[in-house]
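Structure record follows, encoded as structure tokens.
Just so it is clear, none of the values below were taken in a lab; they were calculated from the coordinates. Small disclaimer: the values here were computed from a predicted structure and weren't measured. No Cβ is skipped: glycine too gets one built from the backbone with ideal geometry, and neighbour counts run over all protein chains shown.
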Amino acid sequence: MALVAWSIIMMFWLAIARAPQLRGRRIPDGTRGADLEREDPGRRNWPAHNYQHLMEQPTIFYAIVFALILMGFDARINVYLAWGYVGFRILHSLFQATINIVPVRFLLFLLSSLCLIALTIHAIIFLFHHG
């Protein structure tokens, strides 16, 4: 729920960041965010980029957490890894939407990905041992 709530916060952040670009103009049908970005590239679009990222890899996180819950495998390490994933993704969002330092973003993405990989490995091991 925390990552879903954060994704909604980022959705509002991107809307607020892009609002000045949209105010007082008619947007043609079929216009996408990428079209608007070509008109006005730069930091105004960073929250939108992050929101898109939150719609990608985290879907795998949701699936593996759901699988772990269904298997009844709520070991403390999995809870820590899940919260680690959420925390690193939130930090990633904050860096990407504000100062956008790519090496820092990459490190945060890597750390969150390692949490996701560990959760997945735990689910596979549990499945093999408990069928």
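Helix 58-71 axis versus longest C-alpha principal axis of the chain: approximately 30°, rounded to the nearest ten. Working note: Debye formula, equal point scatterers on the alpha-carbon atoms of the range 11-72, no solvent; log10 I(q)/I(0) at q = 0.13, 0.24 Å⁻¹ is -0.48, -1.00. Packing order of peptides 121-128, 108-115, highest average first: 108-115, 121-128 (average count of other Cβ atoms within 10 Å over each peptide's residues). Taking the chain as a Gaussian network of alpha-carbon nodes connected by springs under 10 Å, the highest mean-square fluctuation of the residues Gly24, Gly84, Gly72 belongs to Gly24. For the options Thr120, Thr98, Thr31, a Gaussian network treatment of the chain with springs between C-alpha atoms closer than 10 Å singles out Thr31 as fluctuating the most.
Report, in deg cm²/dmol and to the nearest 500, the calculated mean residue ellipticity at 222 nm for the chain, where each DSSP H run with n ≥ 4 adds -39500 (n - 2.57) and the sum is divided by the residue count.
Taken over the chain, the calculation gives -26000 deg cm²/dmol.
Averaging over all projection directions, find the projected area of the Cα convex hull of the range 62-126 and quote it in nm² with one decimal place. It is 4.1 nm².
Taking 0.36 nm per residue of separation and subtracting the Cα-Cα distance, full extension of the segment from Ala67 to Arg25 would add 10.5 nm.
Label separation (Val79 vs His129): 1.8 nm, computed from points 7 Å beyond Cα along the C-beta direction. Between 0 and 90 degrees, the angle of helix 102-130 with respect to the longest Cα principal axis of the chain falls at about 30 degrees.
Relative to the longest principal axis of the Cα atoms of the chain, helix 76-97 runs at roughly 10 degrees. The alpha carbon centroids of the range 78-131 and the range 10-51 are separated by 28 Å. Normalised size of the chain, defined as Cα radius of gyration per 2.2 N^0.38 Å with N residues, equals 1.27.
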